[in-house]
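Remarks on the structure that follows.
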Amino acid sequence: MTDENKDNIELIKKAARSILKDEIKHLQLVPSVAIKLLKLTNDDNARIEHLSLIIETEPVLAAKILKQVNSAAYALPNKITSINRAVTMLGFSIVRQLAINLLLYNKLIQQNSKRAFDLLFFWQHCLYVASLSRRIAVALKYPDPDLVYTGGLLHDIGKLVLETYGRVTYSDFICSTDKSGHSSIEEERRFFGVTHAEMGHIFCLEWQLPASISAIVAFHHNQPVETSPYAKYKTEIAIVSFANYIAWIQGIGSATHDSHSKLQSAVLETIDIDQLDLEALLQQVDQDMKITREFYDIQLPGLTTLRATLVKATINLSQIEDKPFAPVDTSSRKLSSCLTAPHHSLNPDDFIPRTLEAIQGEFSFDRSIMFTIDPKRRCLIASYCWPESTLPIKLQPFEIDISGISGLLLTCLREKKPVIINTKIERDNPIIKHLNTTEFLAVPVLHHNRLIGVLYTDNSLSKKPMQAQLLPEIMPIAYELGIAIFNAKQYEQQKKHAQIDHLTQLFNKRMVNNFLTEIFQGDESKLANIAVGFVDIDKFKLFNDTCGHQAGDDALKIVADILRSLTRPGDFIGRYGGEEFLFVLRNTDEKGAYGYAERIRSEIERRGKIMSQRFHGHLLTVSIGVSMYSADYTNYKDMIEAADQAMYRAKNEGRNRIVMLSNVAADKK
C-alpha cells in the first residue's frame, strides 16, 4: 500500500472516530460467528468440518439452519438432523451463505424500530444485490460467485455502522438531506464528513475481512485507481456496482430516499453486458427473492410499484442529462483541496486551519482568518488564522463588537453577501485598524442561510489588490465551511448527550468505563496511586415510595452536586446507575482516598439533616466502598468489583459509613 493510500485511510479513520460513539473494533455490529464465516471466503483450506463446527457452536443458528434445510424450498427426500449432513447434501457454499444471511438478518431485526432508515428495506436491498451479483458472476463465468455474493450482501455496511453507532445517525441524514438531485454520496460527505463506502471500508479493515470484500465495500460507487491495492479486484467491484445500479432503478435501494444512482463508465468497460441475458437474470433473481420473502416475511415491491419507480428514475436521469452544459474552469481543480478540507474531520481546530491553509496556498493570499460569531456577546471573534505567524500573539484571538460595525462589512453580515473593503472606502473600519491592512475580502459563512461566521483574506504583505472575480470562487468554500461547522456543533452536542447522565449532569456509566479503560491501558507505574469508590444512597427506595419520584430525583441531584463540588480537577466522578455513583481518584493513597470519601459522606449527611423535612423525616446518607489499586487486579472491572464489595460491607455494617478495601486479599479476611 502506498504512503498516499495509507494517509487517506488515516484521515478517514480520524473522521470516523469523530462521528462514532465508540471505536469500530468495539462495535458489535456483526456477530462474531458471522465474521468467522466471512473469513472462510478467503481460506483455500476451509473444509466442511470447519463450517459445521462454527455453526454447531451456535445452537440457535444450528436449529434455524436445519429448519430451513428441511423446508419445502429444498425438497430433500429425507429429513436432515445434523449440520455436517446438511453441508454435505446442500454444499459448503449454500449452507455458509444461509448462515451468514440468518445472522445478519437477526441482528437487524433486534435493532429495528420506526426510523427514517428502514432496516428491513435495507436488508431487502442487500439480499437483492447479493443474489443478482451471484447470478451475474455465474453468467460471466467468474470463478468465485460466493465472493461477490458476500460482497453484495455487505456493500452498504457503512450505512448500518452510521445508523447504529453514529452520534448523528443515517436516519438523521435522511431527514435533513434536501432533494437537490445531488447523489447520496455527495450529500453524505457534506453531512458526515465521510461516505458510507469509506465508513464501511474502515469497518472491514478493523474486522480484518478479506481484501476482496473490503474492495467491494470501499469502491462499489467508484473504481479504485491503478495504484490502489484494490485495483486487482475491479471485476468483483464492477459486478456488485452493476447489480447495485439495477436494484436502484427497480426501486430496491438501500433507503427509501436514495437519490439518483450513477453507473460508472468503468463498470461497462469491465463487464461486457452483451454477454448477459438480463431478462433471464432478473427472472432468476425474482425467484430468489420470492424464496427470501417467504422465509423472512418481507413485503417486496409489486410489479406496479417497480414500474412506477422505473418511470421516476428515468425522468430523474433525463433531467440530469438535460441540464445546460457549463464550461469547465481550470480553477475548479485548484479548489478541490479547499472544498474537501472540512470533510476530513469534525474537529474545528483541525478542519478550519486546514481550509485556511488550502485557501492561502491556492489563491496566494498573504493570510486568511476565520471569524466566528458569538451571538450572546454580539461580537466577531478572530478564532483561526493562517499562517499563524501573520497574526501577532497579542491579537490571538481578538474581538470586534458587532454593534460598532457599519458600511460594507455590515452589508456582508446583514445581506449575507461577499464584499471587498479598503481604506479608500472605509478608513475607520475596525478590522482594518486591528489588522493594519489596506484592503481585505470578507465572505459570509452560512448554514441554511443563517450566518455563523465570516471568512477573511488579505494581501497585507505583498500589497497585491484583491480581485472581485475571486468572490464567486471562494463562496463554495465558505458554504462547505458552514456545513462543516454546523455538523461539528451537532456532533459535539450528540457526543455530550451520549456521555452525560441527563438527570445529574455527571458522566454516565459508559464514560466511567472508558475512563478506567484508558487508565489501565496506560503506564502501569501510574496505577499504584489510583483509588475507585462506590457511593450508594442508603434506603433510596424510601425516598421514591414515601415522598415520590421527584424527591428521589432531588436526592440524586444533591449527591451529584456534592460530589462535583468536592472533586479535584483530574479526578473523575460519574453516575454508575440507579442510586450508585462512582469516583476515580488519581495520585492518592489510602489516607487521601479515605479523607475524600469522608468529606463526601459527612457533607451529604449534613445536607440531609437540613433537607429532612423535605424528605418526610428520612435522612439522606450514603455508604461508600473504596478500593486501592493492587497488582492482583487484571483489569478495571476487578477494581470496580472490589469497591462494590466494600460498599456492600458498609451497608451490612450499618450504613452511613466508609469501608476501605486495600487489595483483593482483604476481602477474604
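Quick notes on this structure:
- Filtered residues of segment 366-391 (kept if of a type in the set (Ser, Thr, Tyr) and free of Cβ contacts under 8 Å to residues at least 60 places away in the same chain): 383, 384, 389
- In segment 371-387, the residues that are within 21 Å of residue 464 (Cβ to Cβ) and either in contact with a Leu (Cβ under 7 Å, 6 or more places away or on another chain) or among the hydrophobic types (A, V, I, L, M, F, W, C) (or both): 385, 386
- Residue identified as surrounded by 24 or more Cβ atoms within 10 Å (Cβ to Cβ), of a type outside the set (A, V, I, L, M, F, W, C) and modelled with pLDDT under 80 among 158, 200, 193: 193
- Residue identified as within 29 Å of residue 170 (Cβ to Cβ) and among the basic types (Lys, Arg) among 539, 526, 489: 489
- Within segment 589-603, residues that are in a helix (DSSP H, G or I) sit with their Cβ atoms under 9 Å from residues that are of a type in the set (Phe, Trp, Tyr), at 6+ positions apart or across chains, in these pairs: 596/583; 597/583; 600/583.
Here's the yes/no breakdown for (1) on the phi > 0 side of the Ramachandran plot; (2) surrounded by 14 or more Cβ atoms within 10 Å (Cβ to Cβ); (3) touching a Gly at 6+ places or on another chain (Cβ under 8 Å):
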{"residue": "499", "(1), (2), (3)": "no, yes, no"}
{"residue": "508", "(1), (2), (3)": "no, yes, yes"}
{"residue": "511", "(1), (2), (3)": "no, yes, yes"}
{"residue": "523", "(1), (2), (3)": "no, no, no"}
{"residue": "538", "(1), (2), (3)": "no, yes, no"}
{"residue": "541", "(1), (2), (3)": "no, no, no"}
{"residue": "550", "(1), (2), (3)": "no, no, no"}
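- Taken over segment 436-485, the criterion of being in a helix (DSSP H, G or I), in contact with a Ser or Thr (Cβ under 7 Å, 6 or more places away or on another chain) and farther than 24 Å from residue 192 by Cβ is satisfied by 473 alone.
- Residue match in segment 617-628 (condition: β-branched (Val, Ile, Thr) and assigned to a loop (DSSP other than H, G, I, E, B)): yes
- Just one of the listed residues (560, 555, 551, 528) is assigned by TED's automatic domain parsing to the domain that holds residue 611, closer than 23 Å to residue 649 by Cβ and touching a residue at least 24 places away in the same chain (Cβ under 8 Å), and it is 555.
- Segment 439-461: number of residues that are within 16 Å of residue 367 (Cβ to Cβ) and at pLDDT below 90: 2
- Being modelled with pLDDT under 90 and basic (Lys, Arg) is not true of residue 651.
- Residues located in segment 445-497, provided they are in contact (Cβ under 8 Å) with a residue 40 or more places away in the chain, of a type in the set (Ser, Thr, Tyr) and surrounded by fewer than 21 Cβ atoms within 10 Å (Cβ to Cβ): 460, 462, 491
- A Cβ distance below 8 Å, combined with a sequence gap of six or more or placement on separate chains, defines the contacts here; from segment 221-242, residues that are in the same structural domain as residue 194 (by TED's automatic domain parsing) reach residues that are among the β-branched types (Val, Ile, Thr) and surrounded by fewer than 16 Cβ atoms within 10 Å (Cβ to Cβ) in the pairs 227/2; 231/225; 242/273.
- In the set 182, 221, 257, only one residue is within 18 Å of residue 129 (Cβ to Cβ), modelled with pLDDT under 85, surrounded by fewer than 22 Cβ atoms within 10 Å (Cβ to Cβ) and of a type outside the set (Lys, Arg); that residue is 257.
- So residue 567, is it surrounded by fewer than 21 Cβ atoms within 10 Å (Cβ to Cβ) and over 35 Å from the mean Cα position of the chain (by Cα): no
- Within segment 404-440, considering residues that are under 36 Å from the mean Cα position of the chain (by Cα) and either surrounded by 13 or more Cβ atoms within 10 Å (Cβ to Cβ) or in contact (Cβ under 8 Å) with a residue 12 or more places away in the chain (or both), the one nearest to residue 472 (Cα to Cα): 418
- Pairs meeting the criteria (first residue in segment 627-643 and assigned by TED's automatic domain parsing to the domain that holds residue 590, second residue of a type in the set (Ser, Thr, Tyr) and assigned to a helix (DSSP H, G or I), beta carbons under 9 Å, at least 6 apart or on different chains) are 635/517; 636/517.
The values are calculated or read from the model by the stated rules, or taken from the named source; none is laboratory data. All of these numbers come straight from a predicted model, not from anything done at the bench. Every residue, glycine among them, receives a Cβ derived from its backbone with ideal geometry; neighbour counts consider all protein chains shown.
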